[in-house]
Structure formats: structure tokens, C-alpha cells
Amino acid sequence: MDQFFQIQDIGAIAPELEMAIFGMILLVADLLIEQKRKLGWIALVGIGCSASFLVLQRLRDVDVSAYGGMLVVDPFSAFFKFIFLLGAALSIAISLKYLDIERENHGEYYALILFATMGMMFMASAVDLVTLYIGLETMAIATYVLVGFLRNNQRSNEASIKYFLLGAFSSGILLYGMSLLYGISGSTKFVEIAEALSRRPLTDPISLMAMITLLAGMFFKIAAVPFHQWTPDAYEGAPTSITAYMSVAVKAASFAMMVRVFMVAIYPLRPEWVPIMSVVCVLTMTLGNIAAITQSNIKRLLAYSSISHAGYILLGLIAGNETGLVAIPMYLLIYTFTNIGVWAVVVALRRKDVIGEHVDDMSGLFFKHPVSAILMLIFLLSLAGIPPTAGFIAKYFLFAAAIETGHNVLAVIAVLNAAISIYFYFRIVVAMFMREATEKTGLVYSPGVLTALGVAILFTIFIGIYPDPLITMARQAVVMAF
Amino acid sequence: MLELALFYIFGTIAVVSAILVITQHNVVHSAIFLAGTLLSVAGIFLALNAEFLAGVQVIVYVGGILVLFVFVIMLIAVERSTFERQFNRQWKIALITSAILIGELVYVVYQGRDTFVLAEPAVPLVQGAAGNSQQVGMGLYTTYLLPFEIASILLLVAIVGAVVLAKKKTQTE
């Protein structure tokens, strides 16, 4: 522990190192390779390497804290890193053709995704405020750029600048909270912060201020109401593949960070943050779902739906028991599969001269392309949480956790919200199955999109029918960490 | 006592010039007041015995970033931008919300003034070091080695990102 660096520590950060190396390889390869789509394949190889290192770490049961307690390698972080890698890989798969259509296929795109994913992986492993924050910023800055990647598209530019300004502001608030925590504990390590906080009275104004500023910063990152305003704009303006990436990986990383900080560092203040979080949770679920009803742009609709999903996931933290904590990584993994599936279909709608973002663009999809309509139906059912899809299992665990810990009112509101969400998900379904096609051009399915769809549908149904392996894995991840 | 006096002097200069930065119409004036803010923050660092940080503040922020600002201002037409309408129509709401926020912060800090005793920082890494540059250096390369290394990737991302967003269309597009 006292050693700042040992040679084994390299092994502890091998998956992250792999991402950084491949990111740099991509930057150089961009100059040499003319056909940019090949760079996407290099990026996928990098993600594969990183994933294999991750598996290797798990197989050898490396449970270490490295770099003098700056980060830990445990099943919890491994589970989240797996989600990030999966989200990154699937997003790259759906980008390959899409970027050609948008005429913005550059090598930096893939490099930035890898760097952002590296930042997320450090966020999931960090047990120290400094490491956490640097990882967070690496992810955030790369994402700001990716959102504005369609340089000739005004909406993309606008989305990027909005996201950047608000993101920088929220990072400032988050840092203020972190500096207060350092001020009262004299340490940046989560465990020592928790110790210092538990020595102070519960209603100590300074610790409360630190907690509230931290909460505000993190609510921004997960797009919880009332810090959600950037989400619809950023999600709408960003390239669709990046919207997919943000809605799964960035969200998962923010939750990984939130679970670590709230269940370890400021756990002593739990009686104080649970009520705040409960209010935010109700607001997020309700406002996200109600605002989604009125949207006619699919990307905005899904943005509001993703806001409401963040609200459901907060239930897990509010419950804070084993079921709740198990539910968080599980929900995020299932959400990754389901959401990438939905976005893959939206990406396929984008073809030359057709933007394909309006709900009307979905009309008659069933008659034009029955398979994708049926796939979309299954994904939407999963998002709404209807059995036998995976989304049901995810929601079941969260709601069960809320009831187990006596948050019955919250559970009822959550179920009501799930019912509201069925309405707007089915608006898309109605358009697909019951309306005439207005647009005759077929969809563009590239091999990448097809692969992503295949993986997504396979796991959405498989987990829905046979969730045991996933539950065991998630339970193992959480029990050992907390 | 002297420390406290210095803090109030530098603090006042910093806040007043920060307000002037955002209220001036002429960008050159804003830039000059920004220099005032940054320099007085460096003064606060100095009063807190953080010489290294004060030096970095002057060299990087005033010497580097601010000079870049001035270069950019030189390249754009300042005269015209002075007369253009600036879109800050929501300044009243912003003023009210920030006043509320400041009120809250002041109240909370005032309430917690007895318990807000800063914890002792960890043991100095280098005993009897000449200045705190050595302390900072030791900190960066021992305790905070990992974040220090990740920061290099962070900077790379920022550079690549800036180039991506700023570069002109290439021929192939």
C-alpha cells in the first residue's frame, strides 16, 4: 500500500493502457490509411484487446488496489468497464456506414471514442477524487468534440457548444464539492473522506454543502431533472452513433462514479442525501416521461426517455441495499443492449438526402422492412419493461429494491411512469405498423449495423428469458465491492 | 494578521475586476481586467505560502492564456464588436439566481464557521524542502503519479479535439 508504484500496477491498468495505445495508433494510422472505415476496424480490435485483458484480470482474480490506493481493480469496476467497452464497440459498429453518409469519416472519431472509453474505465476504478476527476474530464472533453463532429451541421455545432458550456459549469460545481471534501478530510481518498465525514455531526453545514454541490454536479452528468436541459439538444444535434454512445456508455460511467462516491466516500451522510435524491428521482422519471409524450423527433423523444431511465436507476441508489446495488449495473447493461438496438434502427433510417429523425419517418416501416420493424418493437417493449424482454428483469429488480427498503410511494410512482412510457414508445410502434409509408426509399443496413442489431436483439431476448447468469455476475460484482 | 489583510486586498481586487471583465463592452478592457483577476489570485496563492502555484498562475494564465486572448482580439475587428448588440438578455434572472446562490453559500459557511477547521494536510513528502516546488514535484511523481499520467491523455484529447473542430474542409470532402 505504501508503495506509490510497483511494476504489477501496470497490469492493473492494462485494459485502460490498451485503449490509450490504440487511440494513439489510430491517430497515426489516420495519416497512412486512405479508407477511413478500416480505422473503425482497428478501433474494434483495440476494444477487443482491452476486453481480453479485462477477462484475464477476472480469471486471475486480481483484486488489487494499485498506485498507492489511487484505483482498485475489482469485480464492480470490471462489470462497468465491460459495459463501456460493449457500448463503445457497438457504437463504432453502427458508425462505420453512417459517417460515410454524413461525409465525416475521420480517424479522430474512433480515437476520441477510445480515449473517452479509457476515461470512463478510470472513473469506474477510481477510489480517489483526483483520479476520478481526471478520468471524468477525459471522457467529457472527448464527448464534447464528438457531439460537434458534424462540423458542417449547425445543429451539431450548437449541441456541442451548449453541452460544453454547461458541462464545464457543472464540472466547476463538482470540483467545488470535491475541494470542500478535501478541506475537511485532508485526503482525496474515498475511504479517508468517509472516515472524516463520520467524525462530524450529521447536520454539519460544511459537509452538507460539499454533499449538495457534489449532488448537483453528478445529477448534471446523469442528466437528472432539474439539470437535464442540455440532454435533448445534445442528443438531437450529435451524430446519431454518438447519441447512442452517450446514452449508454457516458450514462453508465456517470452512474459508476456516482455509486462509488455515494456508497463509499459520502456514505456517512446517507440519511441526508436520500431525501434529496428521492425528490430528484420522482422529478426525473415524471418529467422525462411527460416531456417525451409531446416530442415528434425520434432523437429528442429517446433523449427524454433516457432522462426518465436515469430516474429509475436512481431508485437503486436510494434503496442502497444489495438488490438495489445489483440492479444498477444490471439495468445499465440491459439498457446498453436495448438502446443500441433502437439507435441502430434510427441510424439505418439515415440515408442519402433523408434525415430520418421524425416519428413520421417510421411510418409504414413494417410494410417496407418487416424485420427491422419487429426488432424495433422488441427493443421498445424492452425499454418500456414488458416481459419477456430483458427490460422487464431490469425494472423488476429496481422496483423490488425500492419496495424492500420501504420506499413504497417511490415504487408506485415508478410503475405509473413505466405505464406512461408505454404510450410514447407505442406512438413509434403505431407509426411503424399502422400507417402508410410516406417515404419510399429503403433503409441502409451496413454489416456493422446488422451485427450491432444482432447482438442487441440476441441479448435483449436471452437475458429476458434466462437472466440467471447476469444476476449472478452483477451480484458478485456488487457484494465484493461494498 | 498581515495574511488576513493581504487576503482581503487581493480578494477584493479579484472580485471587482472579475465583475468588470463581464461588464465591459470593449474586449481589450475585459482582457486587461482578466489579467487583474488572475494576478490577484496569484497574490492569494503567495500569501498562502504556495509559491509554486503563484508562479504557475502568472506564467501559464497571465503569460500564456491571456496573451493568446490578446492575439485573438488583435486578429478580429474590435471596433465593430464594440457596437454590436450583445445577447445577454437573461442577465436579470442570472443576477437573481447568482445572488441567491451567493447568499446560500455565505449563510452555510457562516453557520459552519466553527466546524470548518481545515484538516491537516498529509505529512509533507520532503522534510525540510527549500520551497514548495519540490513538494509539488514529489507529489506529482509519487502519490499522484497515475492522475498525472492520465492528464497527458486528457491534454492529447483536448488538442486533437480542438484541431478536429477548427480545421477547414479537406479536399476529399
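Structure notes:
- All-pairs Cα distance distribution in the stretch A:189-321, expressed in whole percent, bin size 10 Å: 12, 42, 28, 14, 4, 0
- For chain A, alpha-carbon Rg over 2.2 N^0.38 Å: 0.93
- Paramagnetic reach from B:I100 in the stretch A:221-236 [backbone N under 15 Å; point 7 Å along Cα→Cβ]: A:226-227
- Here A:F80, A:F219 are placed in order of increasing Cβ neighbour count within 10 Å, fewest first, which gives A:F219, A:F80.
- Links that overshoot a 23 Å alpha carbon limit, given the list A:K36/A:K81; A:K251/B:K167; A:K221/A:K299; A:K251/A:K395: A:K36/A:K81; A:K251/B:K167
- Helix content alone sets the calculated 222 nm mean residue ellipticity of chain A: runs of n ≥ 4 DSSP H residues at -39500 (n - 2.57) each, divided across all residues, give -25500 deg cm²/dmol.
- Here r is the Cβ-Cβ distance between A:V371 and A:I403 and R0 is 41 Å; the resulting FRET efficiency, rounded to 0.05, is 0.60.
- Pairwise Cα distances in the stretch A:370-462 exceed 22 Å for 42 percent of all pairs.
- P(r) weight above 27 Å for the stretch A:1-149, C-alpha pairs, percent: 23
- Convex hull of the stretch B:1-84 built on C-alpha atoms - directionally averaged projected area, nm²: 5.3
- With a Förster radius of 45 Å applied to the beta-carbon distance between B:L48 and A:I355, the computed FRET efficiency rounds to 0.25.
- Length gained when the stretch A:A437-A:Q35 is fully extended (0.36 nm per residue, less Cα-Cα span): 141.2 nm
- When you work out D = kT/(6 pi eta Rh) for the stretch A:85-222 at 37 °C and 0.692 mPa s, using the Kirkwood radius from C-alpha pairs as Rh and the Stokes-Einstein form, the result is 196 µm²/s.
- Dipole check for the protein assembly as shown: with +1 at the C-beta of Lys and Arg, -1 at the C-beta of Asp and Glu, and the Cα centre as origin, the magnitude is about 1580 Debye.
- Expressed per residue, the C-alpha convex hull volume of the stretch A:179-218 stands at 63 Å³.
- The C-alpha atoms of chain A define a longest principal axis, and helix A:251-260 lies at about 10 degrees to it.
- Across the options A:I413, A:F366, A:Y445, the greatest Cα extent toward the positive end of the charge dipole of the stretch A:349-482 (unit charges at beta carbon of Lys, Arg, Asp, Glu) belongs to A:Y445.
- Percent RCO, i.e. relative contact order, over the stretch B:1-84, from Cα pairs under 8 Å lying at least 6 residues apart: 30
- Residues in the stretch A:353-385 that a label on A:D100 would reach, taking backbone N under 20 Å of a point 7 Å out along Cα→Cβ: A:353-356
- Label-point separation in nm, A:E322 to B:Q134, each point 7 Å along Cα→Cβ: 5.3
- Of every Cα-Cα pair in the stretch A:120-195, the percent that sits beyond 18 Å: 50
Bear in mind that the values in this text are calculations on the coordinates, not laboratory data. Computed from a prediction, not measured in an experiment: that's the story for all the values here. Note that we place each Cβ from the backbone using ideal geometry, even for glycine, and neighbour counts take in every protein chain shown.
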